[in-house]
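Chemist: Here it is, the structure, as C-alpha cells.
The values are calculated or read from the model by the stated rules, or taken from the named source; none is laboratory data. In this text, all values refer to a predicted model and were calculated from it rather than measured experimentally. Neighbour counts run over all protein chains shown; Cβ positions are idealised from the backbone, glycine included. Note: areas computed on protein heavy atoms with side chains; ligands, DNA, RNA excluded. Shrake-Rupley method; radii C 1.70, N 1.55, O 1.52, S 1.80 Å.
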Amino acid sequence: MSSKDKDGLKASATDRFERGVDLLRQVGGENYDVPIRALDDIAPALGRFTVDFAYGDVISRPGLDLKTRQLCTVAALAAMGTAAPQLRYHVLGALNVGWSAQEIVEVMLIAAVYAGFPAALNGITGAREVFIQQGMMPAASEVAHDEELSRYEHGMQALDQTSHGSGAAVIESLKDIAPDLGRFVVEFAYGDVIGRPTLDTKLTELTTIAMCTALGTAQPQLGVHINAALNVGVTNEEIVETITQMAVYAGFPAALNGIGVARKVFTDRAK
Amino acid sequence: MSSKDKDGLKASATDRFERGVDLLRQVGGENYDVPIRALDDIAPALGRFTVDFAYGDVISRPGLDLKTRQLCTVAALAAMGTAAPQLRYHVLGALNVGWSAQEIVEVMLIAAVYAGFPAALNGITGAREVFIQQGMMPAASEVAHDEELSRYEHGMQALDQTSHGSGAAVIESLKDIAPDLGRFVVEFAYGDVIGRPTLDTKLTELTTIAMCTALGTAQPQLGVHINAALNVGVTNEEIVETITQMAVYAGFPAALNGIGVARKVFTDRAK
Amino acid sequence: MSSKDKDGLKASATDRFERGVDLLRQVGGENYDVPIRALDDIAPALGRFTVDFAYGDVISRPGLDLKTRQLCTVAALAAMGTAAPQLRYHVLGALNVGWSAQEIVEVMLIAAVYAGFPAALNGITGAREVFIQQGMMPAASEVAHDEELSRYEHGMQALDQTSHGSGAAVIESLKDIAPDLGRFVVEFAYGDVIGRPTLDTKLTELTTIAMCTALGTAQPQLGVHINAALNVGVTNEEIVETITQMAVYAGFPAALNGIGVARKVFTDRAK
C-alpha cells in the first residue's frame, strides 16, 4: 500500500484529484465544477473532499461502471428525499453518462415501492426540471405488461425470477395478519413496477440495494434484494461497490450497516 | 380470487380505477386530479399507480374509514418531513373529509413528540398555507388540562389509560441512567400532548402508529403503541390497515417491518 | 419532587417559562421570539411547548453547557436534512452563543461522514445564508494535517486516540468483504475529517453522538462513539444530556432508543 510511502502518497494524492476531476467532468458536464466552486467561500475542504474522496476514491473504483453507479446515486437520493439540489445534479449526471430520461423516470417508479409515493413524486418533480432544461423530455409511453397475464401472475413471475422461490415465503409469512399486503407486494411492487421491462433485472436490483442501504430502515429488504441480485447474476463485488458508494451519499453508518447485511447474505449462501 | 380470471380482472381493473377516482375526488376536492395530470408528461404510469393502487387498492379498503385514514396520512407525512407538497395536499384532504383545522393542528403536536419539534413546526407551516388558502383558520384556543392535577399526574393518568400499567415499566427502566427523560415522557409527551382532549385516544394511537411505521426508526415505540391502541379498543384490523397504508406513503419496507412488529404484539397478547 | 405540589407547580411552571425565555433569548438573539410568535395564530400550544419544554425543561438542564448543546443541535439538524428553517435558526444561535463560523462549518464536514455529502452540502448552504446575513463569513482557510504522515497514518492516529484500539477491530472486521470501505473509514472519516484540529475531540464525539441519535439508523455507530467519547473524557452525564436533548429535535423515540444504546455501553464498561 503506497499510503505509507511519502512520495507514493504525494503521487497518489495527485492521482486522486485528477481522477476525481475527470469523473466529475463526465458526470457534471460543462458546469461540472459549479457545486465545488460554490464551496470556495466558506467550505473549501468540503469541495476538496468531494473531488478527492467522493469521485477520486469512491466513484472511480473498478468493480462497477460509472453509468451504473450514477443510476444508483439517483435512486438513493430520490429515496432519501432530503437532497433535492443533489438529486437534480445527479439526474443531469445520469443523462450525461448515457441514461435516457425514460430510464431515469423508471428509477422513480421503483422509489415509489421502496420509499413511498411522495419520494417518487418529488423525484419526478426534480427530474422534470432537468429534462426541460436539457430539452430531453422522455416519450411518455406507458409500458404495458403481457395482457395474457393477470397482475398477480405477472408479479409472481417477476418475483420468482429474482427470488428463486424464496419470495413466495415472504408472501406466505404475511398470510397470518396481513395477507393483502402480501398481495400488494406481488401485484403492485412486482407486477406493476419491478416487472416492467425498461430496466434490466440487474439494474433494478442494484438501484434497490442503493435505496435500501441509503434509507437505513430497510435492513430485511436489503437482505432480500442482495439475494435477488446474486440470483440474477450480479456479483458480490458489484453489491459491495454499490453499498460502499452509499458512504458518500448517505454517510458511513448507512454503508457500514449495509455491508453487515451483505456479509450475512454472502456467508449464508456460502454454506 | 378473480385475479387469475381474465374477464374478472378486466372488470376488477376498471373497478380499481373507478374506486380510486371516486376516493381521490373526496380527498382532493375540485382540483383532485391536478397532481395526477401533472404526471402525464413524463410519468403517466406513476399517475395511474396513484389512482389504481394507492387509492383504488389501499385507501379504498374496508376496515378503516376514509376520515381516519386521511388523518394517519397527514401524521405520517408530517413525521417524515420529506414530503412538503404532499403534506399540503393531504392537509387539504383532511379538511375535505371532515377534519377541522384544530384537529389537524393537534396531529402536528403529536408529531413533536414522535418526530421532534422541527417536524411539528414545518408541519404547522404547511398546514397554515392550506388553512389560509381555504379561509379555514382554526380558533387558536389552547386546550388546558385539569388544573387540579400537576403535569406529572396528568401525564401518568394519560399513560395509565393506554398502557394499563406497562407504561410505568418504561419510565421505571429509565431510572438507572436517564430518569429525567422518563419524567419528560410523562410530563411532556403524555401530560402536555397525548393527554389533550381534542382527539380521542383511539385516533391519537392510530396516528402515532402511522408516524412510527413511516419513520422506520421507532420499532420499540411502535410496539408500545400497538399495545396501547389495542388497550383502548382499536382492533387488530384497524392497526393492520394503518400500517398497510404506510406502504403508499413511506414504502413497502416501512409497512412490512411495521407488520412484523404488529405480529409480535398480537402473538404475545394471544398467549 | 415539587410536581405534586400545586403551589410548587405553579411556581415551577413560571420558572420553566422564565428559564425558557431567558435561554431562547441567548440563542435566538434580538428576534428570538419570531418563531414562537409565528405560532400564535394556529398553534400557540406548540409555541408554549417550545419555551416551556424545549428550552425551560431540556436546554436549561445542568450537565451540559449551552454552548455545547447548541453545536449538538446544529449537528443533528444538518444530519437529519429535514429541517432547513430550524437549521438556519440554530446556526445563528450557534454564532450567538459564541461559536465561530469556522467551527460551524467544521460540524458540516463531520455531517458528511455520518449523514453523507448531500447533508453536508445542504448544511453549508443554510449556514452560508446566515453567515452572509450576519456579516460573519469565516476565513476559508483549509486546515492541513501534519504533512509528515500519510492520510492513513493520520487517520489511524485519530482513530486510536478515541477508540483505544477497538477501532482497529472495526476496520479488521471489514477485511473479509469490504476492505476498502475500512480504508476509507481510516483515511477519509478519521484522517481527513475527524482528525482535523478545529474542534476538540470531546466536541467531535458529542456532535457525532447527537447526529447518530437523531438519525436513528446508526445504532452500532452510536455505540462506537459513546465509547469513544468516554475514552476522551466525556462524562456519562454529558452523553445522557446530549441524547436526551435529541427528544426535542428528533423526537422521543430517537432519544429513548439512543439511551438504550448508552445503557448497554455503560453497563459493558462497568463489567
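Chemist: What size of dipole, in debye to the nearest 20, comes out for region A:148-198 about its Cα centre when the only charges are +1 on Lys and Arg C-beta atoms and -1 on Asp and Glu C-beta atoms?
Modeler: Details: 4 positive and 8 negative charges, 22 e Å.
Computed about the Cα centre, the dipole is about 100 debye.
Chemist: Any idea of residue B:156's accessible area? Nearest 10 Å², probe 1.4 Å.
Modeler: Accessible area, nearest 10 Å²: 40 Å².
Chemist: Taking a 1.4 Å probe, which of A:196, B:25 shows the most accessible area, and what order do the others take after it?
Modeler: Result of the area sort, largest leading: B:25, A:196.
Chemist: Would you work out the relative contact order for chain A, in percent, from Cα pairs under 8 angstrom that are 6 or more residues apart?
Modeler: Averaging sequence separation for qualifying contacts and normalising by length gives 18 percent for chain A.
Chemist: HN-Hα J couplings of region B:121-128 from phi, Karplus 6.51/-1.76/1.60, θ = phi - 60°, integer Hz, Gly and Pro as x?
Modeler: My calculation for region B:121-128 gives 5, 5, x, 5, 4, x, 5, 4 Hz in order.
Chemist: Mind checking B:173-184 for the average number of partner chain beta-carbons within 10 Å of each residue's beta-carbon?
Modeler: Numbers: counts 4, 6, 0, 4, 11, 14, 1, 7, 13, 2, 3, 8.
Neighbouring Cβ atoms belonging to other protein chains average 6 per residue here.
Chemist: Using a simple charge model, +1 on the beta-carbon of Lys and Arg, -1 on the beta-carbon of Asp and Glu, nothing else, what dipole does chain B show about its Cα centre, in debye to the nearest 20? Intermediate results must be reported in sequence, preceding the final value.
Modeler: Numbers: 22 positive and 32 negative charges, 170 e Å.
Here chain B has a charge dipole of around 820 debye.
Chemist: Now for a different question. Under the convention of a label 7 Å out along Cα→Cβ, give the distances in nm from residue B:264 to the same position in every other copy, shortest first.
Modeler: So the distances to the same position in the other copies read 1.2, 1.2 nm.
Chemist: Using only Cα atoms, find the angle between the long axis of helix B:201-215 and the longest principal axis of chain B, and express it within 0 to 90 degrees, rounded to the nearest 10.
Modeler: It is inclined by approximately 70 degrees.
Chemist: Within a 10 angstrom radius of each residue's Cβ in C:99-109, how many Cβ atoms of other chains show up on average? Whole number is fine. Let's see the in-between values first.
Modeler: Details: counts 0, 0, 1, 2, 0, 1, 6, 2, 0, 4, 4.
Mean shielding count: 2.
Chemist: Per-residue ellipticity at 222 nm for the protein assembly as shown, helices alone: DSSP H runs ≥ 4 residues times -39500 (n - 2.57), over residue total, nearest 500 deg cm²/dmol?
Modeler: Numbers: 42 runs with 549 residues, N = 813.
About -21500 deg cm²/dmol.
Chemist: Treat every Asp and Glu Cβ in region A:13-60 as -1 and every Lys and Arg Cβ as +1, leave all other atoms uncharged, and give the resulting dipole magnitude about the Cα centre to the nearest 20 debye. Spell out each step's value before the answer.
Modeler: Working: 5 positive and 9 negative charges, 14 e Å.
Here the size comes out at about 60 debye.
Chemist: In nanometres, what is the gap between the two model label sites at residue C:237 and residue B:34, each 7 Å from Cα along Cα-to-Cβ?
Modeler: Distance between the two pseudo-spin positions: 5.5 nm.
Chemist: Further, regarding this structure: If you count only protein heavy atoms and use a 1.4 Å probe, how large is the accessible surface of residue B:67, to the nearest 10 Å²?
Modeler: Roll a 1.4 Å probe over it and residue B:67 shows about 80 Å².
Chemist: Would you please classify the overall shape of region A:132-271 from the alpha carbon gyration tensor, given that a ≥ b ≥ c denote the square roots of the eigenvalues, rounded means a/c under 1.5, and beyond that prolate means a/b larger than b/c while oblate covers the rest?
Modeler: Since a/c reaches 1.5 but b/c is at least a/b, the shape of region A:132-271 is classed as oblate.
Chemist: Same structure again: Does region B:181-236 come out rounded, prolate or oblate by the C-alpha gyration tensor, with a ≥ b ≥ c the root eigenvalues, rounded set by a/c under 1.5 and, if not, prolate when a/b is larger than b/c and oblate if not?
Modeler: On the way: a/c = 1.74, a/b = 1.13, b/c = 1.55.
Verdict is oblate for region B:181-236.
Chemist: Output the 0 to 90 degree angle, nearest 10, between the alpha-carbon long axis of helix B:66-80 and the longest principal axis computed from the alpha carbons of chain B.
Modeler: The angle comes out near 70 degrees.
Chemist: Also, I was wondering about something else. Top to bottom by accessible area (1.4 Å), largest first, where do A:184, B:266, B:17 land?
Modeler: Numbers: A:184 5, B:266 25, B:17 105 Å².
I get B:17, B:266, A:184, largest accessible area first.
Chemist: Treat each spin label as a single point 7 Å out from the Cα along the C-beta direction, and report the residue C:25 to residue A:41 distance in nm.
Modeler: Taking the two extended label points, one gets 3.3 nm.
Chemist: Using a 1.4 Å probe and ignoring any ligands, DNA or RNA, find the accessible area of residue A:166 and quote it in Å² to the nearest 10.
Modeler: Taking all protein chains as shown, residue A:166 has close to 70 Å².
Chemist: Something else about it: Which ³J(HN,Hα) values, rounded to whole Hz and listed in residue order, are derived for region B:44-51 from phi using the Karplus coefficients 6.51, -1.76 and 1.60 in 6.51 cos²θ - 1.76 cosθ + 1.60 with θ = phi - 60°, glycine and proline given as x?
Modeler: So the Karplus estimates, Gly and Pro as x, are x, 4, 5, x, 5, 4, 4, 5 Hz.
Chemist: While we're on this one: Can you pull the one-decimal nm distance between simple spin-label points at residue B:157 and residue C:61, each 7 Å off the Cα toward Cβ?
Modeler: 2.6 nm
Chemist: Okay, next question. Can you pick out the pairs among A:271/B:264; B:175/C:271; A:202/B:264; B:67/B:202; C:202/C:264; A:264/C:202 whose Cα atoms lie more than 24 Å from each other?
Modeler: From A:271/B:264; B:175/C:271; A:202/B:264; B:67/B:202; C:202/C:264; A:264/C:202, over 24 Å: A:271/B:264; A:202/B:264; A:264/C:202.
Chemist: Something else: What are the ³J(HN,Hα) values, in whole Hz, obtained from phi via the Karplus relation 6.51 cos²θ - 1.76 cosθ + 1.60 with θ = phi - 60°, for each residue of region B:254-264 in sequence order, with x given for Gly and Pro?
Modeler: 4, 5, 5, 5, x, 4, x, 5, 4, 4, 5
Chemist: As an exercise, find the ratio Rg/Rh for region A:13-60 from alpha-carbon atoms, using the Kirkwood inverse-distance average for Rh.
Modeler: Numbers: Rg = 9.8 Å, Rh = 10.3 Å.
Rounded to two decimals, Rg/Rh equals 0.95.
Chemist: Something else: With all protein chains present, how much of the accessible area of region A:187-268 (probe radius 1.4 Å) comes from carbon and sulfur, to the nearest whole percent? Could you put the intermediate results ahead of the total?
Modeler: Details: 1060 of 1930 Å².
In region A:187-268, the share of accessible area belonging to carbon and sulfur is 55 percent.
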